[in-house]
Amino acid sequence: MQGSTAAGTLLLAGGGSGGHIYPNMAVAERLAAAGSRLRPIYAVSERGIDRTVCEAIDGAAWAAMPAQPMAMSPGGLWRWWQGYRAATDACAALLRDQGVTAVISTGGYVGGPAVAAASKLGVPSCLINLDAVPGKANRWSARQADEVFTAYDGTGLPRAQHVGVPLRDASRATLKAATARHQLGLTPGRPTLLVTAGSQGATSINAAMAELVSRTVARRALQTWEVIHLTGSAEGEATRAAEAYARVGVRAVVQPFYAAMGVAWSAAELAVCRAGAGTVAEAWASGTPAVFLPYPHHRDQHQRHNAEPLVRAGGALLAEDHVDPIPTVGGLLGRVVELLSNAARRESMRQSLLRSRPSDGAEAVARWAMGAGG
């Protein structure tokens, strides 16, 4: 256990990426704003990104669970099962020792054991399903949880209440564009392209952007633009990306990770990004036109489904990540160049997003927590 603890707290379970922790942070923020006496404890994974995120939360109490992601190989399934059992036991101990009165899970391999432990001990729990296509862990947890919230309609989850993705204050675009660009070290009066793949990064997107800016037509379109590129923390990625922009004379601020994403979305005129639930929700809430490159290796293609409501609304485009940057750029180049060059279309897309964006899911979940946890 890291940080301070208190009896009568709320267990917020979810980890493995910022995308599973940040929605829980949003709920905790709404509870604090409402004057709730519930105190949060975060149950996260053992990954380094989870430690980084939790240590940035003022005074947060958190515990790393020994849960492991599911893999379909025999060895992978065994590691997942061992981790699931150990994490369920650890969550049960946490519930007993801390007097936890309610559990919120954002799903995935950390959230599942927490809901299972709550069910075993008779502690009220809810699931927040973040993706358009629920994974195995969420389908199982939905049967055990007392309440189910989902960020997408039509998931088939039982008893699911449709709400928006809970967004923390730091993810909300509340600044004027010029102010945000100044904070990021960009030129306030120049439009900004945001490139991001979420907290875990994506080497294929980094490579595709390096290839894209090497093309003459893209360099010309970017002459009046600047870039903020968040590469993820994989070794050497930020350095390679910065060098790629510098070689072709495109001004860019390159960082592995940026916690205050609301500043980045405030600055952005256009985004090229993955389609994880959190990234999609932030683009939607901020009204930022986006070209989404869904993660290509998920069997259920849930990231593609995450982005489709924005595409249908007229506020986003889809492109395919082939992993190899050459074919990726083949599908990406025309879309990005056209949007970089067409301010009227960007504004039309922005208005489409602002008209269609969902309500704040954090408020609905916080109301449940206050009723269930006291």
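The values are calculated or read from the model by the stated rules, or taken from the named source; none is laboratory data. The structure displayed is predicted, hence computed values, not measured ones. Quick reminder, even Gly has a Cβ in these numbers, built from the backbone with ideal geometry, and neighbours come from all protein chains shown. Keep in mind that these areas ignore ligands, DNA and RNA; they rest on the heavy atoms of the full protein, side chains included. Shrake-Rupley method; radii C 1.70, N 1.55, O 1.52, S 1.80 Å.
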Consider THR196 carefully, then state whether it is modelled with pLDDT under 95 and crowded, with 22+ Cβ neighbours inside 10 Å.
yes
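So that you can scan it fast, the table gives a plain yes or no per residue for (1) in contact with a Ser or Thr (Cβ under 9 Å, 6 or more places away or on another chain); (2) part of a helix (DSSP H, G or I); (3) charged (D, E, K, R):
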{"residue": "ASN306", "(1), (2), (3)": "yes, yes, no"}
{"residue": "VAL323", "(1), (2), (3)": "yes, no, no"}
{"residue": "ARG335", "(1), (2), (3)": "no, yes, yes"}
{"residue": "MET370", "(1), (2), (3)": "yes, yes, no"}
Surrounded by 15 or more Cβ atoms within 10 Å (Cβ to Cβ) and among the acidic types (Asp, Glu): does that describe ASP300?
no
Determine, yes or no, whether ALA33 is closer than 24 Å to ARG172 by Cβ and modelled with pLDDT of 90 or more.
yes
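Do we have ASP97 as out of contact with any helix residue (DSSP H, G or I) (no Cβ under 9 Å at 6 or more places or on another chain), assigned to a loop (DSSP other than H, G, I, E, B) and either touching a residue at least 24 places away in the same chain (Cβ under 8 Å) or open to solvent by 10 Å² or more (accessible area, probe 1.4 Å) (or both) here? First the steps, then the outcome.
Values: out of contact with any helix residue (DSSP H, G or I) (no Cβ under 9 Å at 6 or more places or on another chain): yes; assigned to a loop (DSSP other than H, G, I, E, B): no; either touching a residue at least 24 places away in the same chain (Cβ under 8 Å) or open to solvent by 10 Å² or more (accessible area, probe 1.4 Å) (or both): yes.
So ASP97 fails the test.
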Per the filter on region 260-282, residues in contact (Cβ under 8 Å) with a residue 60 or more places away in the chain and within 13 Å of GLY19 (Cβ to Cβ) are MET261, CYS273, ARG274, GLY276, ALA277, GLY278, THR279, VAL280, ALA281, GLU282
Using the structure shown, decide if SER356 is open to solvent by 10 Å² or more (accessible area, probe 1.4 Å) and either among the β-branched types (Val, Ile, Thr) or under 22 Å from LEU167 (Cβ atoms) (or both).
yes
Taking interchain pairs and intrachain pairs at least six residues apart, which have beta carbon atoms under 9 angstrom, with the first residue in region 236-259 and touching a residue at least 40 places away in the same chain (Cβ under 8 Å) and within 21 Å of HIS182 (Cβ to Cβ) and the second part of a helix (DSSP H, G or I) and hydroxyl-bearing (Ser, Thr, Tyr)?
ARG251/TYR245; PHE257/THR52; ALA259/THR52
State the number of residues belonging to region 173-193 that are assigned to a loop (DSSP other than H, G, I, E, B) and buried (at least 19 other Cβ atoms within 10 Å of the Cβ).
4
Give me a count of the residues in region 257-285 that are over 15 Å from the mean Cα position of the chain (by Cα) and more than 25 Å from VAL337 (Cβ to Cβ).
1
Could you list, in sequence order, the residues of region 277-304 that are of a type in the set (S, T, N, Q), at pLDDT 95 or above and outside any helix (DSSP H, G or I)?
THR288
Working only within region 142-155, note down all residues that are more than 20 Å from the chain's Cα centre (by Cα) and either at pLDDT 90 or above or of a type in the set (Val, Ile, Thr) (or both).
ALA142, ARG143, GLN144, ALA145, ASP146, GLU147
Does VAL336 meet the test of being surrounded by 14 or more Cβ atoms within 10 Å (Cβ to Cβ), modelled with pLDDT of 95 or more and closer than 15 Å to ARG30 by Cα?
no
One residue is enough: does region 345-364 have a residue meeting the conditions in a strand (DSSP E or B) and at negative phi?
no
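For every residue, the table says whether it meets (1) in a loop (DSSP other than H, G, I, E, B); (2) open to solvent by 40 Å² or more (accessible area, probe 1.4 Å).
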site: ALA234; (1), (2): yes, yes
site: THR239; (1), (2): no, yes
site: GLU243; (1), (2): no, yes
site: VAL254; (1), (2): no, no
site: ALA259; (1), (2): yes, yes
site: GLY262; (1), (2): no, no
site: TRP265; (1), (2): no, no
site: ALA271; (1), (2): no, no
site: ALA275; (1), (2): yes, no
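Just one of VAL103, VAL133 is modelled with pLDDT of 95 or more and among the hydrophobic types (A, V, I, L, M, F, W, C); which is it?
Only one candidate qualifies: VAL103.
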Kindly provide the set of residues from region 208-225 that are within 24 Å of the chain's Cα centre (by Cα) and surrounded by fewer than 21 Cβ atoms within 10 Å (Cβ to Cβ), ordered by number.
ALA210
